[in-house]
Each structure stands twice: as structure tokens, then as C-alpha cells.
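The block underneath contains the structure these notes are about, expressed in C-alpha cells.
The values are calculated or read from the model by the stated rules, or taken from the named source; none is laboratory data. Small disclaimer: the values here were computed from a predicted structure and weren't measured. Cβ placement follows ideal geometry from the backbone for every residue including glycine, while neighbour counts extend to all protein chains displayed.
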Amino acid sequence: MRAEKKFISAEYVNRLKATPFFLVVDYRGLSVGQFTELRKRLSKAGAEVHVVKNTIFRIAAKEAGVADLGGTLAGQLAIVTGQKDIAAAAKVVKGYQSEFDKPKLQFGYLGSQRLSAEELRVIADLPPLPQLQGKLLGLLQAPAQKLVALINTPGSQLARVIKAKADKGE
């Protein structure tokens, strides 16, 4: 392998080791302007998209220990990586695809788990992470609030009875 390819491969190995996920998209048919707009949208979601040769990416993925991609890379592909939320990146790609009918989600990896294009579309439909965290927190707090209300009820009822008796002067 030439020195330039080794450098690029090493860069992608580092990128794959540092990212919790990556998405593989087929960008054929996108103009330079459309690809630039996709980059801007992904940047707002905390992700990046890079065009990389399939052979170099296959080697980098194997060296990073992410996956053995085998023959799954074909055609003109770009790789979306990010440090934040996979759902946000998948949502941007899915939304962009609905506008321009391109790029096409091929597959992705979350950690070492391979995700199909359909699974990525389901992830893209999830609410944003802060909203999911809020729902989870609400679910965890609900039983505690009910318990406090149950414990408080007899005491507050007794206090009302005593107050009513005191108001009557008994």
C-alpha cells in the first residue's frame, strides 16, 4: 500500500475508533452543492460525512476492529460518523433523502452491532435524545410521586379533621 493510502487508512482507523457509530450511504447522483448542503445539515446534528474509497474503508474498519465488511461495500459510498446521537444523524440523512431522493442509506454500525437500512430508518423516527430522557425520567418519578401521595394522605386527612374541630371550638 502506498504511503498516502496508509495515511488515509490510519486516519479512518482513528476516526472509527473514536466514533460510537457510522452510517454507510450511497451518494450517487448528488451534485457538489447538494453534498455540501448535506454536510452542513449533518454538522448541525454533530456528525460528518466523508467520501472514501471502498477498499481503504474496508481495511480501516477491519483494523479498527469495528467489523469485517466483506463484500458489502459497492458503488460510490460515503461514511457518516459522529460523536453525538446516531438518531440525529440518521434523521438528517432520512430527511435529506425524502427531499432529493438521495443519498440512500445502505447500513450502519452502532458499536459492534450492524444495523440494516430499515433499522436505521426506525432509529431516525425516534424522538430526539433529550425528549426520550425526559420521558424516561417521568416514568421513573411517577411511582415515587404516587408513594409520597399515599404516605401523605392519612396525615393530611387527620390534619384537616383536627383543624375542623379547632374551628368549631371543640
Find the residue count for the stretch 1-30, including only residues that are touching a Gly at 6+ places or on another chain (Cβ under 7 Å) and either outside any loop (DSSP other than H, G, I, E, B) or surrounded by fewer than 17 Cβ atoms within 10 Å (Cβ to Cβ) (or both). 7
Determine the pairs where a residue that is touching a residue at least 60 places away in the same chain (Cβ under 8 Å), located within the stretch 120-135, has a partner that is surrounded by 13 or more Cβ atoms within 10 Å (Cβ to Cβ) with Cβ atoms under 6 Å apart, the partner being 6 or more residues away or on another chain. Leu120/Ala90; Leu120/Leu105; Leu120/Gly108
Looking at (1) more than 22 Å from Phe35 (Cβ to Cβ); (2) within 14 Å of the chain's Cα centre (by Cα); (3) at pLDDT 85 or above; (4) not small (Gly, Ala, Ser), can you tell me which one Leu110 breaks? (3)
Only one residue in Ser116, Ser98, Ser112 is in contact (Cβ under 8 Å) with a residue 12 or more places away in the chain, in the same structural domain as Thr36 (by TED's automatic domain parsing) and out of contact with any helix residue (DSSP H, G or I) (no Cβ under 8 Å at 6 or more places or on another chain). Which one? Ser112
Which ones in the stretch 126-170 are under 30 Å from Val80 (Cβ atoms), of a type outside the set (Lys, Arg) and in a helix (DSSP H, G or I)? Leu129, Pro130, Gln131, Leu132, Gln133, Gly134, Leu136, Leu137
Picked from the stretch 90-125 (must be of a type in the set (Asp, Glu) and either at positive phi or not in a helix (DSSP H, G or I) (or both)), the residue surrounded by the fewest Cβ atoms within 10 Å (Cβ to Cβ) is Asp101
For Gln131, all conditions in the list (1) closer than 30 Å to Gly95 by Cα; (2) of a type outside the set (Asp, Glu); (3) at pLDDT below 80 hold save one; what is the number of the exception? (3)
